[in-house]
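Everything below concerns the one structure shown next.
The values are calculated or read from the model by the stated rules, or taken from the named source; none is laboratory data. All of these numbers come straight from a predicted model, not from anything done at the bench. Here the Cβ is made from the backbone with ideal geometry for all residues, glycine too, and neighbour counts use every protein chain on show. Quick note on the areas: whole protein, heavy atoms, side chains included, nothing else; ligands and nucleic acids left out. Shrake-Rupley method; radii C 1.70, N 1.55, O 1.52, S 1.80 Å.
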Amino acid sequence: MKFVSIIMGSKSDYEIVNEAAKLLSKFGVKYELIISSAHRSPERTSEYVKSAEKKGAQVFIAAAGMAAHLAGAVAANTTKPVIGIPMGGSALNGVDALYSTVQMPSGMPVATLAIGKAGAINSAYLAMQILALNDSDLAQKLKDDREAKKEALKSDSAEVEVIL
């Protein structure tokens, strides 16, 4: 079974990371959501990534805050695409998480997205775009979603009065 694996560093990340899960569900994409820390449970993280890949994980989404490097720990254990969501809430408002996620060594790529909720939502979209390379039904759903967003914007624009 093909699915997206979502890993969060702690339970406190759930509210934001759940935005990705809800979006994947909306599009009918299967996912698995777990808590595992790169620093507090490194063996569990490594074992999980390897077992998830064997079960059919096609893309990994990893969310962690502070200078935690969950996405890097995931990338070290798979050649599947890894998407990092830096989480806010630290003394540095997520900038520390952003830097630790985006600044990967050569050969260990992590697609790093925005801090927090926008990153969570875009992580689901990016994961689906990756899956859609080999799934024409999902590709069409994504195209339809884009068209619906475009039409909604047109509708919103028509309601705005311009006064010169």
Where a residue in segment 4-23 is acidic (D, E) and its partner, wherever it lies, is assigned to a helix (DSSP H, G or I) and open to solvent by less than 50 Å² (accessible area, probe 1.4 Å), with Cβ under 7 Å and at least six apart: E19/A120
Failed item, numbered, when S136 is tested on (1) farther than 15 Å from D13 by Cβ; (2) touching a strand residue (DSSP E or B) at 6+ places or on another chain (Cβ under 7 Å); (3) of a type in the set (S, T, N, Q): (2)
Residue list for segment 47-66, restricted to those being over 21 Å from E15 (Cβ atoms) and in contact (Cβ under 8 Å) with a residue 24 or more places away in the chain: Y48, V49, K50, A52, E53, K55, G56, A57, Q58, V59
Residue list for segment 113-156, restricted to those being assigned to a helix (DSSP H, G or I), among the small types (G, A, S) and open to solvent by less than 40 Å² (accessible area, probe 1.4 Å): G119, A120, S123, A124, A127, A132, A139
Members of segment 63-110 that are at pLDDT 95 or above, open to solvent by less than 30 Å² (accessible area, probe 1.4 Å) and polar (S, T, N, Q): T78
Count of residues meeting criterion [open to solvent by less than 30 Å² (accessible area, probe 1.4 Å), in a strand (DSSP E or B) and closer than 17 Å to N122 by Cα] in segment 4-62: 9
